[in-house]
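First up is the structure itself, then whatever we jot down about it.
The values are calculated or read from the model by the stated rules, or taken from the named source; none is laboratory data. Keep in mind the model is a prediction, meaning the values are calculated, not measured. Quick reminder, even Gly has a Cβ in these numbers, built from the backbone with ideal geometry, and neighbours come from all protein chains shown. With ligands, DNA and RNA removed, areas are computed over all heavy atoms of the protein, side chains included. Shrake-Rupley method; radii C 1.70, N 1.55, O 1.52, S 1.80 Å.
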Amino acid sequence: MTENIMLSPLPSASCLNYMDFPSGSLFLLLINHLFASQCYLKNPYLYPPDSASEIQDGDHFDFIVIGAGSAGSVVTNMLVKSGKWRVLVLEAGTYPSITTEIPLLFIDLATTNQIWHYLTEPSKFSCTGLKDGSCYWPRGKLLGGCSSINAMLYIRGNKNNYNSWAKAGNEGWDYDDVLKCFKENEKLSTEDLQHLDTYGKDGLLPLTKYKLNETIRDILLESVKELGYPVLESEGPIGFFESLQTIVNGTRANAAKIFLGSVSRSFKLSLVTNAHVEKILLDKIKMKAEGAKVRFGDRSIKVYADKEVILSAGALNSPQILMLSGVGPKQHLQDHGIEVIKNLKVGHNLQDHLIYWFYSSLSDEGIKNTIVEDELYKYFAHRTGEFSKVGITNINGFISTKNSSNNADIQFTYIFIKKNDFNSLKSFKELVNIDTTVFENLKRFNIQHHLLLTVVTLLQPKSRGNVLLRSSDPFDSPILRTGYLTDNDGEDIETMLKGIRFAEKQIKTKAFKRLNAEVLDIGIPNCKGMEFASDEYWKCAVRNLGSTLYHPVGTCKMGPASDPTSVVDSRLKVHGIKNLRVVDAGVMPVITSGNTNGPSMMIGRKAGHMILEDNN
């Protein structure tokens, strides 16, 4: 979280031994560990090698997978492990940097060159108080996709989410069916949870859990008990818990490292990084996918898939690629001079978890001071300490504002910024796209106080947005319309208001009185003149500073052919186009109640089974 940390790979590093340095030099010993860590964290054998030099125009493969993100890495793993077929993976980004490997630095990743730096279109309904009236929607542009830049929280979501998918005509997607796929991915590594049979223990994805030894952790959990909510052993429909995380040995377990890494030396797998797919090659007579046109380096070539093209570019880039290829809303494609091959509602049904950052100040009582040098030593020498964790962000909670016993509509997570931590505050500013006025106010508070940021999340939004083409240029960013708070009956803003009221109650509990906690008025310019903490004020605050939890889904909606808004069927095949599937969070008919990375990997597993069945 601090700017004086090495945030990029060390040049020409070699594995050194502490005996190379004079004895008694703690600084040089730390440098030694930094270099040794370079060798470990940048170990090329964690990932498949880049095969760009071996790929020629016109080459044929059995499968082409577009995108090596969360779902794409899982489905690739299954295809390669079958031992039957040659698989080509095309990834627009490159290998993850050292920075991505260190858990605590997740908030610093939003402005790196391994990100799609997307901004949403201005709207009168939301994001109006952010810089230029836009929400910042960073997406992972690297191996592992968003699993390489997220907060590493592993949450499946509510079982009712999946049952609703099945009821909408998507056979095989009810909770009992998808649970099998979740468990196949999972390797529950936490010893005190081994008695649970609800998680898989033989998969590849390590799931770990930690208990933060900090006063703020204890106070958070005491406060929710005081409000009548249970503290759970693991994820549940209602209550608070310390979540499982995709962290192993103090480093991020991104999907590419875990699932591509396990098949990294298979001669059946070819990976090309920095490969920007311009379009999918479609035969409009046979109505089938034949391959992809892709640019990497100074070359633009065509590669072919004899069996299937699997599009796993994510909920924003998959619809863009489909539309560039001639699959999408007829009039929109024609407006951009693109030949229409199949008229489908691609890019519609966009959903995301809208959040509001609720700010509180805390005193010094019981808060530990951090000596950065000590924490760096712990991390680089032993993979322990603060840098091996994400602080109190591992604490999650689900509540129902409608008094449901099994269906939450608000989620809570937390970020703790210690006093005078302006580096973390600056990273937060960039992540959320906060304007200068609010940022300066937060800095003034941070001089005197620790800051607790309560993330109030709308789990099941009624509002919908869309993804559109900005132009027919595949290198032009898409138009992103969030749709936040556009539902006709205003239920979304009312639910958010109730979530904020819960956050207020939590800060006013006896538990938080120990830290002299106070709700902060951060001086939102567009809400001046309103009574602070009134309903009117909080609704204004949500419309101005409400933002994203970075969970866009739904833009290639799964549904039966009878559903005119669907893009793929229950086997993830694009309606009316042979040999083409979409395998990522874009297929979700309705967003899951919680972080979407685990469900995305489940979709990859489910798709892998379907592809193996269909091609046997």
Subset of segment 353-383 [of a type in the set (A, V, I, L, M), touching a helix residue (DSSP H, G or I) at 6+ places or on another chain (Cβ under 8 Å) and open to solvent by 10 Å² or more (accessible area, probe 1.4 Å)]
367, 376, 381
Please go through segment 512-534 and pick out each residue that is in a helix (DSSP H, G or I) and either small (Gly, Ala, Ser) or under 31 Å from the mean Cα position of the chain (by Cα) (or both).
512, 525, 526, 527
Is it the case that segment 297-308 has a residue that's of a type in the set (S, T, N, Q) and within 28 Å of the chain's Cα centre (by Cα)?
no
Residues being in a loop (DSSP other than H, G, I, E, B), open to solvent by 30 Å² or more (accessible area, probe 1.4 Å) and within 26 Å of residue 476 (Cβ to Cβ): count how many of those fall in segment 77-104.
1
Pairs under 6 Å by beta carbon, first residue surrounded by 13 or more Cβ atoms within 10 Å (Cβ to Cβ) in segment 45-65, partner among the basic types (Lys, Arg), six or more apart or different chains?
46/257; 61/86; 62/86; 62/307; 63/307
Does segment 404-414 contain any residue that is under 22 Å from the mean Cα position of the chain (by Cα) and farther than 24 Å from residue 241 by Cα?
no
Can you confirm whether residue 139 is open to solvent by 10 Å² or more (accessible area, probe 1.4 Å), under 24 Å from residue 275 (Cα atoms) and either under 13 Å from the mean Cα position of the chain (by Cα) or among the aliphatic types (A, V, I, L, M) (or both)?
yes
Complete set of residues in segment 590-602 that are more than 16 Å from residue 255 (Cβ to Cβ) and either open to solvent by 10 Å² or more (accessible area, probe 1.4 Å) or of a type in the set (Ser, Thr, Tyr) (or both):
590, 592, 593
Tell me, please, whether a residue that is assigned to a helix (DSSP H, G or I) and open to solvent by less than 30 Å² (accessible area, probe 1.4 Å) can be found in segment 484-493.
yes
In segment 384-395, how many are open to solvent by 10 Å² or more (accessible area, probe 1.4 Å), among the β-branched types (Val, Ile, Thr) and not in a helix (DSSP H, G or I)?
1
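Per-residue answers, yes or no, for (1) open to solvent by 10 Å² or more (accessible area, probe 1.4 Å); (2) of a type in the set (Lys, Arg); (3) closer than 28 Å to residue 351 by Cα:
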{"residue": "403", "(1), (2), (3)": "yes, no, yes"}
{"residue": "411", "(1), (2), (3)": "no, no, yes"}
{"residue": "430", "(1), (2), (3)": "yes, no, yes"}
{"residue": "442", "(1), (2), (3)": "no, no, no"}
{"residue": "445", "(1), (2), (3)": "yes, no, no"}
{"residue": "457", "(1), (2), (3)": "no, no, yes"}
{"residue": "460", "(1), (2), (3)": "yes, no, yes"}
{"residue": "476", "(1), (2), (3)": "yes, no, yes"}
{"residue": "479", "(1), (2), (3)": "yes, no, yes"}
Please work out which one of (1) open to solvent by less than 30 Å² (accessible area, probe 1.4 Å); (2) β-branched (Val, Ile, Thr); (3) more than 21 Å from the chain's Cα centre (by Cα); (4) under 21 Å from residue 110 (Cα atoms) is the condition residue 399 fails and give its number.
(4)
Looking across segment 248-262 at residues that are among the hydrophobic types (A, V, I, L, M, F, W, C) and open to solvent by 10 Å² or more (accessible area, probe 1.4 Å), the single one that is modelled with the lowest pLDDT is 248
As an exercise: evaluate residue 358 against (1) assigned to a loop (DSSP other than H, G, I, E, B); (2) modelled with pLDDT of 95 or more and give the number of the one condition it does not meet.
(1)
Could you list, in sequence order, all residues of segment 562-584 that are open to solvent by 10 Å² or more (accessible area, probe 1.4 Å), touching a residue at least 40 places away in the same chain (Cβ under 8 Å) and not in a loop (DSSP other than H, G, I, E, B)?
578
Residue 107: touching a Phe, Trp or Tyr at 6+ places or on another chain (Cβ under 9 Å) and at pLDDT below 95, yes or no?
yes
Condition first: closer than 30 Å to residue 410 by Cβ and hydrophobic (A, V, I, L, M, F, W, C). Can you find one or more residues in segment 258-271 that meet it?
no
What's the number of the condition residue 298 fails, among (1) open to solvent by 40 Å² or more (accessible area, probe 1.4 Å); (2) modelled with pLDDT of 95 or more?
(2)
With (1) modelled with pLDDT of 95 or more; (2) over 23 Å from the mean Cα position of the chain (by Cα); (3) open to solvent by less than 10 Å² (accessible area, probe 1.4 Å) as the list, and residue 193 as the residue in question, which single condition is left unmet?
(1)
Hits in segment 413-428 - residues which are open to solvent by 30 Å² or more (accessible area, probe 1.4 Å), among the polar types (S, T, N, Q) and under 16 Å from residue 367 (Cβ atoms):
420
Can you name every residue in segment 435-483 that is of a type outside the set (S, T, N, Q), farther than 30 Å from residue 514 by Cα, touching a helix residue (DSSP H, G or I) at 6+ places or on another chain (Cβ under 9 Å) and not in a loop (DSSP other than H, G, I, E, B)?
467, 468, 480
Looking at residue 283, is it open to solvent by 10 Å² or more (accessible area, probe 1.4 Å), of a type in the set (Asp, Glu) and free of Cβ contacts under 8 Å to residues at least 60 places away in the same chain?
yes
Hey, residue 174 open to solvent by 50 Å² or more (accessible area, probe 1.4 Å) and of a type in the set (Asp, Glu) or not:
no
